[in-house]
Structures are given as C-alpha cells and as structure tokens.
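Report on one structure; see the data block that follows.
The values are calculated or read from the model by the stated rules, or taken from the named source; none is laboratory data. None of the values given here were measured: they were computed from a predicted structure. Cβ placement follows ideal geometry from the backbone for every residue including glycine, while neighbour counts extend to all protein chains displayed. To get the accessible areas, we keep the full protein, side chains included, count just its heavy atoms, and leave off ligands, DNA and RNA. Shrake-Rupley method; radii C 1.70, N 1.55, O 1.52, S 1.80 Å.
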Amino acid sequence: PSSGVTANRVAGNAARDFIAEREAPALIEQNLRTTGGLRRLDVLKVGEQIVGIESKIGRTYLTQQVRQELARDIKLIRSGQLDKVRWEFWRSARTGKGGPSAPLRQKLEKLGVEIVENERSF
C-alpha cells in the first residue's frame, strides 16, 4: 500500500508542477485561511485574476474531504481572496481512470467551479 501512496504523491506533484509552469506566474502549495479552516491549494495563479487550482489524479469522488475543500474554495471566493477556482482532473497512469464522478461534477457545476479534464496521464 505504501508504494501506491508514494506513486500517487509523485504523480500529484508532477501534475501540480505541470500546471504551475503552464499558468506562470503561479505559486505551488499555498495555504489560505478561511472561516472554515485552512485551505491548501495545489496552485495559486497570480496576475490579473487570482485563481485557485486544485489538481486531482484518477477518478475523484464527492467524499467528505472533497466537500470540505469545495466549501473552503467557495469561502475564499466570497471573501475576495480568490477571483475564481478551477479543478483539473488527470488520468492515473496506474489505473487509466480519471475525472470527477457524476455527483462531484454536479456539485462543481452548481458551485460555478471551472472543470478541466486533461487528456494527459500522471
């Protein structure tokens, strides 16, 4: 199991770094404080608009942790710390699966979060 966790971390970091380079100027692993607690964003795109970018590898479901991340993202927008939020999904090189589950997609769309499904695998 630990080798799978390590592989997931390596893949996640690679996707994060790819986004940061593509979106430059951007910062990685930024912690922003909300009334709901700390939100660690994978990438914070700075410039004309401040965009919080979350990167997900593999099939992603609407878990309690994902709900918490979304709630904090919306609080960051409402408080003016972010102009917009984008969630990017990548296929897992290990499983071949990727993207949001139907309930997660519905939630992201309802909240006005931009969804990007990338063809590339990590």
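Just one of (1) touching a helix residue (DSSP H, G or I) at 6+ places or on another chain (Cβ under 6 Å); (2) farther than 25 Å from SER101 by Cβ; (3) of a type in the set (Gly, Ala, Ser) fails for ALA20. It is (1). In this structure, does THR95 turn out to be modelled with pLDDT under 95 and β-branched (Val, Ile, Thr)? Yes. Determine whether GLY47 is open to solvent by less than 20 Å² (accessible area, probe 1.4 Å) and either modelled with pLDDT under 95 or over 15 Å from PHE122 (Cβ atoms) (or both). No. Scanning the range 50-59 for residues that are surrounded by fewer than 20 Cβ atoms within 10 Å (Cβ to Cβ), of a type outside the set (D, E, K, R) and not in a loop (DSSP other than H, G, I, E, B) yields a single hit, VAL51.
Taken as a whole, the range 94-101 holds at least one residue that is hydroxyl-bearing (Ser, Thr, Tyr), open to solvent by less than 20 Å² (accessible area, probe 1.4 Å) and not in a strand (DSSP E or B). Can you name the residue in the range 5-32 that is more than 16 Å from ASN118 (Cα to Cα) and out of contact with any strand residue (DSSP E or B) (no Cβ under 8 Å at 6 or more places or on another chain) and is also least open to solvent (accessible area, probe 1.4 Å) among such residues? Among them, the one singled out is ALA7.
In the range 75-93, the qualifying residues are those that are more than 13 Å from the chain's Cα centre (by Cα) and of a type outside the set (A, V, I, L, M, F, W, C), and the one that is least open to solvent (accessible area, probe 1.4 Å) is SER92.
Being in a loop (DSSP other than H, G, I, E, B), closer than 24 Å to GLY37 by Cβ and not aliphatic (A, V, I, L, M) is the filter here, so list the residues in the range 75-93 that pass it. Correct list: SER79, GLY80, GLN81, ASP83.
Could you list, ordered by first residue, the pairs with Cβ atoms under 6 Å in which the first is in the range 57-78 and under 24 Å from ALA7 (Cβ atoms) and the second is open to solvent by less than 100 Å² (accessible area, probe 1.4 Å) and polar (S, T, N, Q), at least 6 apart or interchain? Once the first residue is under 24 Å from ALA7 (Cβ atoms) and sits in the range 57-78, its partners that are open to solvent by less than 100 Å² (accessible area, probe 1.4 Å) and polar (S, T, N, Q) give ILE57/SER92; GLY58/SER92; GLY58/THR95; TYR61/SER101. Criterion applied to ARG67, ARG72 was being surrounded by 20 or more Cβ atoms within 10 Å (Cβ to Cβ), in a helix (DSSP H, G or I) and out of contact with any helix residue (DSSP H, G or I) (no Cβ under 6 Å at 6 or more places or on another chain), and the one residue passing it is ARG72.
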